[in-house]
1. Applying the selection to segment 262-300, what residues are surrounded by fewer than 18 Cβ atoms within 10 Å (Cβ to Cβ) and without any contact (Cβ under 8 Å) to a residue 24 or more places away in the chain?
2. Mind listing just one residue for me: the one in segment 16-59 that is assigned to a loop (DSSP other than H, G, I, E, B) and under 23 Å from Val78 (Cβ atoms) and, of those, farthest from ligand 1 (Cβ to nearest atom)?
3. Go through segment 187-208 and give me each residue that's of a type in the set (D, E, K, R) and farther than 21 Å from Gly397 by Cβ.
4. Yes or no: Gly278 of a type outside the set (A, V, I, L, M, F, W, C) and on the phi > 0 side of the Ramachandran plot?
5. How many of the residues in segment 363-395 are farther than 21 Å from Ser299 by Cα and either free of Cβ contacts under 8 Å to residues at least 12 places away in the same chain or of a type in the set (A, V, I, L, M, F, W, C) (or both)?
6. If you scan segment 301-317, which residues turn out to be more than 15 Å from ligand 2 (Cβ to nearest atom) and surrounded by fewer than 16 Cβ atoms within 10 Å (Cβ to Cβ)?
7. Given the conditions (1) surrounded by fewer than 17 Cβ atoms within 10 Å (Cβ to Cβ); (2) under 23 Å from Gln202 (Cα atoms); (3) touching an Asp or Glu at 6+ places or on another chain (Cβ under 9 Å), report the number of the one that Tyr110 does not fulfil.
8. Between Gly138, Gly213, which is small (Gly, Ala, Ser), at pLDDT 95 or above, over 25 Å from Phe330 (Cα atoms) and out of contact with any Cys (no Cβ under 9 Å at 6 or more places or on another chain)?
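The values are calculated or read from the model by the stated rules, or taken from the named source; none is laboratory data. All values reported here derive from a predicted model rather than from experimental measurement. For neighbour counting, all protein chains shown are included, and Cβ atoms are generated from backbone atoms with ideal geometry for every residue, glycine included.
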Amino acid sequence: MKPAPQTYHVKSFGCQMNVYDGERMAELMAAQGMTPAADAAGADLVVLNTCHIRERATEKVYSDIGRIRKDAGKQGRVPMIAIAGCVAQAEGAEIVARAKVDVVVGPQAYHNLPALVAQAVVGEAALDTDMPLASKFGKLPARRKVGPSAFLTVQEGCDKFCTYCVVPYTRGAEISRPFAAIVDEAKALVDAGAREITLLGQNVNAWDDDGRGLHDLIRTLDRIEGLARIRYTTSHPNDMRQGLIDAHGDVESLMPFLHLPVQSGSTRILKAMNRSHGRDDYLRLMDRVRAVRPDIALSGDFIVGFPGETEADFADTLSLVDAMGYAQAFSFKYSPRPGTPAATMTDEVPEAVMDERLQRLQAALGRDQQAFNRASVGRTCTVLVERRGKLPGQMLGKSPWLQSVHLMGDHAIGDLVEVELAAAGPLSMTGVARMPVAA
Ligand code: SAH
Ligand code: SF4
Ligand code: F3S
């Protein structure tokens, strides 16, 4: 028998869906009467909500477990440790064996977290990595107070099986939450303080309920009073239907931003990645998006050093970047993941070559981000104030194009302020408030 935990701390390591799961787990703990602890070392129960996407993510979990135990030990405490998220799904039994944690719970089973904690209290093994057919969402407590910008998972899982990726294994097959449940949760989020909702899914634009697509959902959410902004992420090029593209042209609350990963500019590598689209398909698609919304900010993900990637393939990636002019983008070195087809490919790119390509790619992406920011100077737009800045009187918010904007003045968190973008830095903008915008 261990003492039942009274305080909790949830730490999320992964994508936005992982962050959303972390929020929902915190709500579950609060609904049990537990209170949040300020940090991991001071909590009776620490939930590490893990990510399995790249190698270092997994290693970080083990070093975190060690550090939390050490810090808590200095205070004479032995916290209960629960491993959640995608590493839990992929390596549940191994984590129990290697790190002797108390609870392991996968991303589709975390509604059972309170029961698992109760099992751990009485000293029973508490591991649940099931992927039940009935979704966890109906078993979660209502949304609590949220910030002005909230996440809402509408779709989970992936059927695409890109050859490098663990997500189809850790998150399971593609499922869409029902239309009505999403609309209800969106209304609850707005009631709880959200002005902006980002719809989340591993392939969010594959969302479908009985023939209704993501654009239908967006058009419905657009009518919720008090909801000023809608975003969605992450999309797959093959699920980018005309209805969604059209929505970018005429739904005012749908923000002019599209994160559409491409991974590589080389059709040959895209084929080896099983991306099921080529370079030109992607470029043509983006032309169609720009045609309806010329000011749209585009974003992407890239992997450098996929097995077999030659200098010529990489040059294709750089030229695609040049053609796109991304407003921002993420880029990663290829990391072989156990159990994926690419992990057995032999034509590995040496680490030093990967490093060098990543540097060149990031220089190009940084240049384009700065160019986008510079081109925004002089624009008038709304900024959703999300938090306080570092300087006294300074607030930090987001432009419609997802740029971070610093502004001075007496603005409250959650305000939508009309600003002129007055100056551009490499990663953020400075805005000057013009006048408040009515809700
Ligand atoms: N579902 C989204 C993103 C999934 S993971 C999509 O398909 O676009 C987020 C990003 O991590 C991917 O877009 C990819 O760029 C990167 N990633 C995934 N697996 C990786 C691996 N094995 N090595 C390096 N980067 C990887
Ligand atoms: Fe992974 Fe590809 Fe699915 Fe994205 S589309 S989650 S990269 S398998
Ligand atoms: Fe990571 Fe799982 Fe998200 S592997 S990127 S937390 S879906």
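1. Lys271, Gly278, Asp280, Arg284, Asp287, Arg290, Ala291, Pro294
2. Going through the qualifying residues, I end up with Gly33.
3. Step one: list which residues in segment 187-208 are of a type in the set (D, E, K, R), which gives 187, 191, 195-196, 208.
Matches in segment 187-208: Lys187, Asp191, Asp208.
4. In short, no.
5. Adding up the residues that qualify gives 5.
6. Selection gives Thr310, Glu311, Ala312, Ala315.
7. Here Tyr110 meets the rest and fails (1).
8. Answer to the check: Gly213.
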